[in-house]
Amino acid sequence: MNLLGIYLNDHLAAATGGAERARHMALSSAGTELAAALEPIAAELVEDRAALLAVMRRLDVPVRPYKVVAGRLAERLGRLKTNGRIVRRSPLTSLVELEALRLDAEARATVWQTLRDLADRDDRLDPDQLDHLLERTRRRQGALEELRRRRIGPALTPA
C-alpha cells in the first residue's frame, strides 16, 4: 500500500475510536448538559468518518479492516482506565475523555488540511467539501475545549 493509504487508514482507525468515544460519553452521561452537548458532536464524528471513507474510495485506497478493529479496541480499552471510583463515573473520567476528543479533533483537522492541500493537485478531491469539513472540525475543537475547561474545577479541585 502506498504511503497515502497508510496515512488515511491510520486516520480512519482514529476516527473510528473518536466516534465511538463520543457516542459512549453521550450515552453514559444521558440526561445531563454534557450529553446534550456531546450528542451533536458524536453525530458529526460519524459523518466525518463516513466522509473519510468516501475520500478513500475516490482515491482508490482500500480500507484495512485490522486498523478499524484496532481503533475500536483502543477506544474500548480506554474505558478500563482507573478514575478513583468503582461503580459510577468520576468527574475525572469526563475531563480525560474530553481531552481525548479534543486531541481527536486536532487529528481530524490535520487530515482535512492535508487532503485540502492535496486537492490542488488531485481532482478526485473536492476542495469545497474539505474546506467545510475543516471549518466544522475547527468549530468542534472550540466546543470541546469549552466543555473540557468547564470540567477542570469539578474534576481536580478538592471538595
Notebook entry, point to check: Tell me, which residue of region 117-158 that is without any contact (Cβ under 8 Å) to a residue 60 or more places away in the chain and β-branched (Val, Ile, Thr) is farthest from ARG49 (Cα to Cα)?
Noted result: THR157
Checklist line | Among (1) surrounded by fewer than 14 Cβ atoms within 10 Å (Cβ to Cβ); (2) of a type in the set (A, V, I, L, M); (3) under 18 Å from ALA37 (Cα atoms) - the single one LEU77 does not satisfy | finding: (3)
Checklist line | Pairs where the first residue, in region 77-97, is of a type in the set (Ser, Thr, Tyr) and the second is at pLDDT below 65 and part of a helix (DSSP H, G or I), C-beta under 6 Å, 6+ apart | finding: none
Check: For LEU80, all conditions in the list (1) touching a Gly at 6+ places or on another chain (Cβ under 7 Å); (2) of a type outside the set (Val, Ile, Thr); (3) modelled with pLDDT under 95 hold save one; what is the number of the exception?
Finding: (1)
Note to self: Name the residue that is nearest to SER90 (Cα to Cα), counting only residues in region 41-69 that are buried (at least 18 other Cβ atoms within 10 Å of the Cβ) and without any contact (Cβ under 8 Å) to a residue 40 or more places away in the chain.
What the structure shows: ALA42
Item checked: Out of ARG151, ARG121, sole residue that is of a type outside the set (Gly, Ala, Ser), more than 16 Å from THR16 (Cβ to Cβ) and surrounded by 18 or more Cβ atoms within 10 Å (Cβ to Cβ) -> ARG151
Check: Within the bounds of region 84-102, is there any residue that is in a helix (DSSP H, G or I), crowded, with 18+ Cβ neighbours inside 10 Å, of a type in the set (Ser, Thr, Tyr) and touching a helix residue (DSSP H, G or I) at 6+ places or on another chain (Cβ under 6 Å)?
Finding: no
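In this structure, is THR110 in contact with a Lys or Arg (Cβ under 7 Å, 6 or more places away or on another chain), assigned to a helix (DSSP H, G or I) and modelled with pLDDT of 95 or more? Give the derivation first.
On the way: in contact with a Lys or Arg (Cβ under 7 Å, 6 or more places away or on another chain): no; assigned to a helix (DSSP H, G or I): yes; modelled with pLDDT of 95 or more: yes.
Answer is no for this residue.
Give the residues of region 15-40 that are hydrophobic (A, V, I, L, M, F, W, C), assigned to a helix (DSSP H, G or I) and surrounded by fewer than 22 Cβ atoms within 10 Å (Cβ to Cβ), sorted by residue number.
Within region 15-40, the subset hydrophobic (A, V, I, L, M, F, W, C) is 15, 19, 22, 25-27, 30, 34-38.
Add one more test, that the residue is assigned to a helix (DSSP H, G or I), and what stays is 15, 19, 22, 25-27, 34-38.
Within region 15-40, ALA26, LEU27, LEU34, ALA35, ALA36, ALA37 qualify.
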Next item on the list: Would you tally the residues in region 17-60 being at pLDDT below 95 and among the β-branched types (Val, Ile, Thr)?
Entry: 1
Notebook entry, point to check: Pairs under 6 Å by beta carbon, first residue closer than 10 Å to SER94 by Cα and in contact (Cβ under 8 Å) with a residue 40 or more places away in the chain in region 24-35, partner crowded, with 17+ Cβ neighbours inside 10 Å and of a type in the set (A, V, I, L, M), six or more apart or different chains?
Noted result: MET25/LEU38
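The values are calculated or read from the model by the stated rules, or taken from the named source; none is laboratory data. Everything quoted here is computed from the prediction, not taken from an experiment. Cβ atoms come from the backbone with ideal geometry, glycine included; neighbour counts cover every protein chain shown.
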